[in-house]
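Below is one structure, written out as structure tokens, with a few remarks after it.
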């Protein structure tokens, strides 16, 4: 069974690993609601409490899937959802990022309906909206806390200055961002501010969108509707260079009797008790493999070897295309 970690100073406590649910509904190949539901149920059996979703996943389908899977088991789960991400709707139109206070209230009501619950445990602003002062957005989020519809607040991919401004309006419990052995952009500026203010970090993509497992193809080998088709790190010469990085992770894992996924997740867990990784999967087999990482203990020599072998400057290409990188608040 998984242990627990405390995130932030407001009382949020979650399992040391969370489950990223996005891939159950989009971006990573064919979906299978039956297997995804079984994966959520197995996660509960293994001691997972943190389940991460968003209105943009699907869009909307993922919240509905999670809500149905947790029916009758709501008290076992800490549900985290998000608003304010630019998303392509099913009619082909695009909804832009929108964090106006009145819109925040509307989207949370819609999320509650889809999730089949009367409260969200963690509410994130999915991306910082440059058109709306963060103080106004967090003020609206704080109002939902006062109403009991939300318990804890967070931001996604927010920079240090934005985190400070938001936290001054209402204490943040968590900030979510990509964080892995090969994506460490938080270490210089954001992570020190989180620790200064007593805010936890939820790290998504601890497996580098699966690349660190060694099983990811070139971008052009995926269909247009797969996220990996558009991932700059999987394109051309970037893929070749990054394959060498993934091979290093695989070699380090094999010498310690681990899978690459287990080594990568264990590395994140060892970066601090205030960090919870949320590897995503839609299959029970991968869930169980990932869960075993929580029992892995990496000594100082191993951590040093990983740091020496997988340096950030070795990773080729940005983590998003130019359009999506524009939404990262750095």
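Key figures for this structure:
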{"item": "Residue 80 being under 20 Å from residue 206 (Cα atoms), at pLDDT 95 or above, touching a strand residue (DSSP E or B) at 6+ places or on another chain (Cβ under 6 Å) and in a helix (DSSP H, G or I)", "result": "no"}
{"item": "Residues (assigned to a helix (DSSP H, G or I) and crowded, with 19+ Cβ neighbours inside 10 Å) located in segment 113-139", "result": "114, 115, 134, 137, 138"}
{"item": "Criterion: part of a helix (DSSP H, G or I), closer than 15 Å to residue 120 by Cβ and at pLDDT 95 or above - qualifying residue of 64, 55", "result": "64"}
{"item": "Residue in segment 299-314 that is touching a strand residue (DSSP E or B) at 6+ places or on another chain (Cβ under 8 Å), in a helix (DSSP H, G or I) and at pLDDT 95 or above present", "result": "no"}
{"item": "Residue check for residue 273: free of Cβ contacts under 8 Å to residues at least 40 places away in the same chain, under 25 Å from residue 4 (Cα atoms) and either touching a strand residue (DSSP E or B) at 6+ places or on another chain (Cβ under 8 Å) or surrounded by 21 or more Cβ atoms within 10 Å (Cβ to Cβ) (or both)", "result": "no"}
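The values are calculated or read from the model by the stated rules, or taken from the named source; none is laboratory data. Given the structure is predicted, the values throughout are model-derived calculations rather than measurements. Reconstructed Cβ throughout: ideal geometry from the backbone, glycine too, with neighbour counts over all protein chains shown.
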